[in-house]
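Participant: One structure is given below, represented as structure tokens, and several questions about it will come after.
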Amino acid sequence: MDPVVIPILVAAIIVVFLVASTVRIVPQARRYNIERFGRYRRTLQPGLNLVLPVADRINTKLDVREQVYSSAPKPVITEDNLVVNIDTVLYYQITDPRAAAYEVADYLQAIDQLTVTTLRNVIGSMDLEETLTSREEINARLRTVLDDATGKWGIRVNRVEIKAIDPPHTIKEAMEKQMRAERDKRAAILHAEGERQAKILTAEGTKQKDILEAQGTQQAMILRADGEAQAVERVFQAVHRNNADPKILAYKYLETLPHLAKSDNNTFWVIPGELTEAVRTVTRAFGDQSAPDPSVSAQPEEAATADGASGEGRTPMLGAGPASPPNAATAAEEAVKQAAAAVSDAKAEAEAAKSPQAPRRKRNSHDG
């Protein structure tokens, strides 16, 4: 080999090495701290950067993106002397690469230890129940303390979260029993409330039903009474419009007698005092043209005798006895039949009296 070529190659290699040592390419979201002869010089930004070979060197390479750091569970004593293991998650970001490299030796270990001490201070002033229900408050206090401490380290703490709080096993069992008792209590209360509401609704439904039935009965009675009133009024108007004579009124009076004895519970039948007068009116329906029927006249005489014996103005009463009829309804119907027969006989005699050709009917059935 030519002796001249060897120095040229050595020089070329040295030049390439120097050029490679001069150029530094920094990726995005990265920061390189440069030291010149062991002293901090500057921080390289993303892109192409030139440095002095041999004199400048890269001390630290930092990632300025937001980082997540999960610490191991740390034992913490609560105010009621219970040991709980708390696991935290930390979200942080490097804002000053120089401070992160030169202000603290290991910022992750520093943040972890600061988190533990802050947790012990915060949890030590709370009991277990408050610790389990005050996560937001603990997170806010942790973030405030860490943000103040890590600001001079060039680190910003964005968020601190408590990932888990693990009480002792015995406390867990007691808490489970308590929670189960609370759930049973709520279930019993809800069941009782449901039954109470059901009974209230049932009672309200029954009340509404009774009210509606009572209103229906009231309306029916009112309508029935109105109908009866209108019927009585029409009958009254018809009687007065047609100028009914005492014969018809007496006959209608006798027709109502059987209705007095229709009830099965009647043990005696009261005959009104006007019965004798009604029978007399029927028998004298056509004046002196006819004589009273023996069967009909016997009844008024007996009633008059009974009236005279019991006193003037008192109503005779037919009860159980040898002379009393076996049934009050049968006696009333018999009286009506006899009165109707008497009226028929009186009408026949009146018509016979008006017709001279027709033979007159004898008044008395005993006359031959």
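Participant: Let me spell it out: the conditions are (1) surrounded by fewer than 14 Cβ atoms within 10 Å (Cβ to Cβ); (2) under 30 Å from Arg159 (Cβ atoms), and Ile13 meets all of them except one. Which number is the exception?
Facilitator: (2)
Participant: Looking at Met126, is it surrounded by 11 or more Cβ atoms within 10 Å (Cβ to Cβ) and in contact (Cβ under 8 Å) with a residue 12 or more places away in the chain? It would help to see each step written out before you state the result.
Facilitator: Working: surrounded by 11 or more Cβ atoms within 10 Å (Cβ to Cβ): yes; in contact (Cβ under 8 Å) with a residue 12 or more places away in the chain: yes.
Judged against the criteria, Met126 is a match.
Participant: Could I ask something else about it? Of everything in region 50-72 that's closer than 21 Å to Asn158 by Cα and in contact (Cβ under 8 Å) with a residue 40 or more places away in the chain, which residue is most open to solvent (accessible area, probe 1.4 Å)?
Facilitator: Glu66
Participant: Just a yes or no: is a residue in region 183-194 farther than 30 Å from Thr60 by Cα and either among the acidic types (Asp, Glu) or more than 48 Å from the chain's Cα centre (by Cα) (or both)? Steps first, please.
Facilitator: Within region 183-194, the first condition is being farther than 30 Å from Thr60 by Cα, and the residues that meet it are 183-194.
Next, from what is left, pick out any that are either among the acidic types (Asp, Glu) or more than 48 Å from the chain's Cα centre (by Cα) (or both): 184, 193.
Among the residues of region 183-194, at least one is farther than 30 Å from Thr60 by Cα and either among the acidic types (Asp, Glu) or more than 48 Å from the chain's Cα centre (by Cα) (or both), which makes the answer yes.
Participant: Moving on. Anything in region 56-71 that is modelled with pLDDT of 85 or more and not charged (D, E, K, R)? List them, or say none.
Facilitator: Answer for region 56-71, where residues must be modelled with pLDDT of 85 or more and not charged (D, E, K, R): Ile58, Asn59, Thr60, Leu62, Val64, Gln67, Val68, Tyr69, Ser70.
Participant: Can you pull out the helices (runs of 4 or more DSSP H) entirely within region 96-148 that have at least 1 residues that are over 30 Å from Ile58 (Cβ atoms)? Don't jump to the end; show me each part of the working.
Facilitator: On the way: elements: 97-102, 107-123, 128-133.
Qualifying helices (runs of 4 or more DSSP H): 107-123, 128-133.
Participant: In region 152-182, how many are open to solvent by less than 50 Å² (accessible area, probe 1.4 Å) and either at pLDDT 85 or above or not in a helix (DSSP H, G or I) (or both)?
Facilitator: Within region 152-182, residues that are open to solvent by less than 50 Å² (accessible area, probe 1.4 Å) and either at pLDDT 85 or above or not in a helix (DSSP H, G or I) (or both) number 11.
Participant: Just name the residue that is modelled with the highest pLDDT out of those in region 202-259 that are closer than 30 Å to Asp345 by Cβ and polar (S, T, N, Q).
Facilitator: Among them, the one singled out is Asn242.
Participant: Moving on. From the list Ala101, Ala105, Ala140, exactly one residue is farther than 22 Å from Pro168 by Cβ, open to solvent by less than 80 Å² (accessible area, probe 1.4 Å), free of Cβ contacts under 8 Å to residues at least 60 places away in the same chain and of a type outside the set (D, E, K, R). Which is it?
Facilitator: Values: Ala101 fails: free of Cβ contacts under 8 Å to residues at least 60 places away in the same chain; Ala105 fails: open to solvent by less than 80 Å² (accessible area, probe 1.4 Å).
Only one candidate qualifies: Ala140.
The values are calculated or read from the model by the stated rules, or taken from the named source; none is laboratory data. Remember, it's a predicted structure, so these values are computed and weren't measured experimentally. For neighbour counting, all protein chains shown are included, and Cβ atoms are generated from backbone atoms with ideal geometry for every residue, glycine included. Quick note on the areas: whole protein, heavy atoms, side chains included, nothing else; ligands and nucleic acids left out. Shrake-Rupley method; radii C 1.70, N 1.55, O 1.52, S 1.80 Å.
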